[in-house]
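Read-outs: derived from the displayed coordinates by stated rules, not from any lab. Just so it is clear, the model here is predicted, and its values are computed rather than measured. Don't worry about glycine lacking a Cβ; one is built from the backbone with ideal geometry, like all the others, and counts go over all protein chains shown.
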C-alpha cells in the first residue's frame, strides 16, 4: 500500500487581491509620510490645493456643458440601435443592445420620446415602455399592430402626446 502524501499548497499560492491591497497600503503610507516631511513647506500644499481646485472647476464645467439634451441623446441612441440591430432577427439581441438599454435608462423622461417614435416609426419599443412604466396596456394575445395601438392609446390617455 502506498502512503498518501499531503502537500500544503496554500503557502505557495499568491492572491492578487491581497497583493493589490498591500500595494495600495504601501503607497498610501508613503504619501502620508511625504506629506508630513518638515522640508516640504506650506507653499507646496497650497499649490496642490490650487491645482486640485482648478481641475475640479474644469471637470464641473465639462459636466454642465457636455451633457446632451435628452432629445439629442435619444436620437443618437435610436440611430445607433437601428443601424446596429436592423439586420438581426433576434428580439433578445435587439433589446439587450447597449443603446436600447440606455434609452430605457432615460426613464420617465424618455417616455414621450419613445411614444412619439413608436407612433411615427413603429418598432420594438414595447419592451422599453414596459420596463419604464411597469405596465402593459396591450391585451393578451395581441399582435404587434394591436400592441402598438394600445401603447399609443395609453400614451394619449396619460398625456404624453
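For the subset of the range 121-135 comprising residues that are over 13 Å from residue 82 (Cβ atoms) and without any contact (Cβ under 8 Å) to a residue 12 or more places away in the chain, which member is surrounded by the most Cβ atoms within 10 Å (Cβ to Cβ)?
As a first pass, look at the range 121-135 and keep what is over 13 Å from residue 82 (Cβ atoms): 126-135.
From the residues that got through so far, the ones that are without any contact (Cβ under 8 Å) to a residue 12 or more places away in the chain too are 130, 134.
Values: 130: 16, 134: 7.
Only one residue tops the list, namely 130.
Please work out if residue 112 is surrounded by 12 or more Cβ atoms within 10 Å (Cβ to Cβ) and out of contact with any strand residue (DSSP E or B) (no Cβ under 7 Å at 6 or more places or on another chain).
The answer is yes for residue 112.
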